[in-house]
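Student: Quick one: structure below, then a few questions.
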Amino acid sequence: MGQGVLTSIPQIIVEELDADWDLIRSRHAKADRRFGNQGTYGSSSIRSDFMPLRKVGATARQMLIEAAARQWGVAPATCRAAKSVIHHDASGRTATYGQVASAAAAVTVPEDPPLKDRSEFTIIGQPMKHLDALAKVKGEATFGIDVQARDMLIANVAHCPVFGGSLKRFDETAALAIDGVRDVVEIPTGVAVVADNFWAAKQGVEALDIEWDAGEFGDLSTDAMVDHCKNIIATGVEARSDGDPAQAMREAATRMSAVYEAPYLAHATMEPMNCTAHVEDDKCEVWAPTQSPTGARRAAMQITGLPEERVTVHNTFLGGGFGRRSTTDYVEDAVHTSKAVGAPVKAIWTREQDMCAGYYRPMVYNEFEAALDAEGWPVAWIHRIAGGSILGSSGRLRGGIDRTSVEGAANLPYAIPNIRVTWAHAKFPVKSHYWRSVGASQNAYVTECFVEELARAGGKDSFEFRRRLLEHHPRHQRVLEVAAERAGWGSTLPEGRARGIAVAEAFGTIVAEVAEVSLRSDGTPRVHHVTCALDCGDVVNPNTVKAQAEGSIVYGLSAALWGRITIDEGQAVQRNFDTYRVVRMHDMPTVDVHIVTSGDPLGGIGEPATPPIAPAVCNAIFALTGEPVRQLPIVRA
């Protein structure tokens, strides 16, 4: 989905395989149980597969060498491999991998092949050009929406716009009268209009005489949801407890409190949600731009009742995932509709349908209390959280705490002796799901902004305050120092500009960012420059690391400045990019990314640069105005 794994995964294998990089091509695999759970989320592709894929490459190399050695009647230890060729230097004999591949397939698979020392790497760690870039530039890459099948029809599905609502009745007469509309069918997720082309299908949906049952949540509103969070926040379950914050608060020189809010956010993928399916009596074929090929396969199996071996899922390129495409609702639309009409069907969602019937990052309400000693250093920290639950939405919440709701809060890295963090589950019908960087995205905002309030209340420099409090986290300290140094922290800025700083951890990667911001005459912020320093442990492809950091900053900046889904009468108010703005070219700051190598275990890279951008910008605005930004999006505050 654009995060570079079609290049970085081959880099890992090719390094140990000793293959010729110029001969390498990569392509998507179909869903296959032999590969286990196929999916990309949680910035896990490289950090989960680094060692297994190295072993794959080393195993294949050893088997190829063994096969060549047998043919030559020599000891495998006297042979070596380099750039897809096996050499026996003593005799001068060589064989390409292709020449011995068939024989190598018959060699016993070694259980523990030797791996290279990292000092020998020539592929891993190098800035390789993306193998799929040319196909994308030339328009040859097949994204989900590009899929074509013989006799394929296009479907657009009307979903209930009210959260928790259901279909009451519909009349398809007007829709069937539209030129190009072939059929109208009720499916479990709504009403599908099937046509020769998308425009006819969309017009058909708009022409439907349809009535929805709003159910018990027809009067749901954002204000009511915030009020509910306020009412339940004191009942939260403890996620962290260090020391005695209450006693420390009573004895402290200075006590502080604040309330922070973060809204629902849409994923807003650039490629509209879509899936193509062809259900027949004895088989089902699916073409899906999915983050979870095995999840798509399971959904198709459940709908069709077919066994696993009769369901094929083709994985395509996808135009933005951000967690949204790890769901299967759009796959279900296509499979249900194809099954109902007996033909191959591509189901396409409009932007409006996705924004009002899709999934969101949960809304969160936060209450903070803190205490400073006489020298202005924090001695107590209490953080109460109330909000929706990702695991609760999917029925997987166990033990009272959604770990995704407290990540970035329960693991606060600062050396404060007395800390308490609680979480209360606000049960709303709005579907919540993983959003790029998940809980760290909202928790980095609220914690780093409140840390900024403490620093200013104690009369401390923002950078120095954090650096001292990170004394037990050297990786955090290091990226903070690099970001501050490269941003010129403390140097003079043009009049009307200020810097803000923030640091956060997500998926094993530490990121610090400094944002340089000014305010326009109407009070809205202009972000001029962002400096990003990150430590993701070992690096497979520095080009990918930098690109993902830049993309994460774009994504997080869009949300920080404008992103907000509000609810009124049980429905999402924002429906498209006119009311749900994203960063455009004229809004975009310059971005410098600095990779800090530490030798620590691999972290993820697709998401971790998103969390620090909102607080970095907000803290710069605080420096300009003297007022903290306690609600997102920033333009609302």
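The values are calculated or read from the model by the stated rules, or taken from the named source; none is laboratory data. Just so you know, these numbers come straight off a predicted model, no measurement behind them. No Cβ is skipped: glycine too gets one built from the backbone with ideal geometry, and neighbour counts run over all protein chains shown.
Conditions (1) within 26 Å of V479 (Cα to Cα); (2) modelled with pLDDT of 95 or more; (3) among the small types (G, A, S); (4) not assigned by TED's automatic domain parsing to the domain that holds L480, marked per residue:
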{"position": "G556", "(1), (2), (3), (4)": "yes, yes, yes, no"}
{"position": "Q574", "(1), (2), (3), (4)": "no, yes, no, no"}
{"position": "V593", "(1), (2), (3), (4)": "yes, yes, no, no"}
{"position": "I621", "(1), (2), (3), (4)": "yes, yes, no, no"}
{"position": "A637", "(1), (2), (3), (4)": "no, no, yes, yes"}
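Student: I need the full set of residues from region 172-224 which are in contact (Cβ under 8 Å) with a residue 60 or more places away in the chain, touching a strand residue (DSSP E or B) at 6+ places or on another chain (Cβ under 8 Å), closer than 28 Å to I565 by Cα and among the hydrophobic types (A, V, I, L, M, F, W, C), in order please.
Tutor: Result: I187, A192, F198, A201, L220.
Student: Can I ask one more? Considering only region 166-174, I want to know if a residue exists there that is surrounded by fewer than 15 Cβ atoms within 10 Å (Cβ to Cβ), under 23 Å from R351 (Cα atoms) and under 31 Å from the mean Cα position of the chain (by Cα).
Tutor: Scanning region 166-174, I find at least one residue that is surrounded by fewer than 15 Cβ atoms within 10 Å (Cβ to Cβ), under 23 Å from R351 (Cα atoms) and under 31 Å from the mean Cα position of the chain (by Cα), so the answer is yes.
Student: Examine region 577-588 for a residue that is crowded, with 17+ Cβ neighbours inside 10 Å, modelled with pLDDT of 95 or more, closer than 15 Å to H529 by Cβ and in contact with a helix residue (DSSP H, G or I) (Cβ under 8 Å, 6 or more places away or on another chain), and state whether such a residue exists.
Tutor: yes
Student: A further question on this structure: Restricting attention to region 521-570, and to residues there that are closer than 19 Å to P601 by Cα and in contact with a Cys (Cβ under 8 Å, 6 or more places away or on another chain), which single residue is surrounded by the fewest Cβ atoms within 10 Å (Cβ to Cβ)?
Tutor: The residue in question is V545.
Student: So A90 fits all but one of (1) touching a helix residue (DSSP H, G or I) at 6+ places or on another chain (Cβ under 9 Å); (2) surrounded by 14 or more Cβ atoms within 10 Å (Cβ to Cβ); what number is the exception?
Tutor: Result: A90 fails condition (2) only.
Student: Within region 10-25, can you find the residues that are in a loop (DSSP other than H, G, I, E, B), of a type outside the set (A, V, I, L, M) and either crowded, with 23+ Cβ neighbours inside 10 Å or without any contact (Cβ under 8 Å) to a residue 12 or more places away in the chain (or both)?
Tutor: Selection gives D18 alone.
Student: For T235, indicate whether it is among the polar types (S, T, N, Q) and in contact with a helix residue (DSSP H, G or I) (Cβ under 8 Å, 6 or more places away or on another chain).
Tutor: no
Student: Looking only at region 383-396, count every residue that is under 20 Å from the mean Cα position of the chain (by Cα) and of a type outside the set (V, I, T) and tell me the total.
Tutor: Adding up the residues that qualify gives 8.
Student: Of (1) touching a residue at least 12 places away in the same chain (Cβ under 8 Å); (2) loosely packed, with under 15 Cβ neighbours inside 10 Å, D49 satisfies all except one. Which?
Tutor: Answer for D49: the failing condition is (2).
Student: All but one of (1) touching an Asp or Glu at 6+ places or on another chain (Cβ under 6 Å); (2) assigned to a loop (DSSP other than H, G, I, E, B); (3) of a type in the set (A, V, I, L, M, F, W, C) hold for L6; state the number of the condition that does not hold.
Tutor: L6 satisfies all of (1) touching an Asp or Glu at 6+ places or on another chain (Cβ under 6 Å); (2) assigned to a loop (DSSP other than H, G, I, E, B); (3) of a type in the set (A, V, I, L, M, F, W, C) except (2).
Student: What's the total number of residues in region 289-345 that are touching a strand residue (DSSP E or B) at 6+ places or on another chain (Cβ under 7 Å) and more than 19 Å from G39 (Cα to Cα)?
Tutor: The qualifying residues number 15.
Student: Next question. Does any residue in region 74-87 that is on the phi > 0 side of the Ramachandran plot come within less than 8 Å, Cβ to Cβ, of a residue that is part of a loop (DSSP other than H, G, I, E, B) and modelled with pLDDT of 95 or more six or more places away or on a different chain, and which pairs are these?
Tutor: The qualifying pairs are K83/D18; K83/A19; K83/D20; S84/D18; S84/A19; S84/D20.
Student: Can you tell me which of (1) over 28 Å from G204 (Cα atoms); (2) under 26 Å from the mean Cα position of the chain (by Cα); (3) of a type in the set (V, I, T) is the one V311 doesn't meet?
Tutor: Tallying (1) over 28 Å from G204 (Cα atoms); (2) under 26 Å from the mean Cα position of the chain (by Cα); (3) of a type in the set (V, I, T), V311 fails exactly one: (2).
Student: Follow-up question, since we're still on this one. When the residues of region 316-342 are filtered to those that are within 10 Å of the chain's Cα centre (by Cα) and not basic (K, R), which remaining residue is nearest to G2 (Cα to Cα)?
Tutor: G320
Student: Out of all the residues in region 256-291, which are surrounded by 14 or more Cβ atoms within 10 Å (Cβ to Cβ) and closer than 30 Å to W377 by Cβ?
Tutor: If the condition is that a residue be surrounded by 14 or more Cβ atoms within 10 Å (Cβ to Cβ) and closer than 30 Å to W377 by Cβ, then M256, A258, V259, Y260, E261, A262 are the ones that fit.
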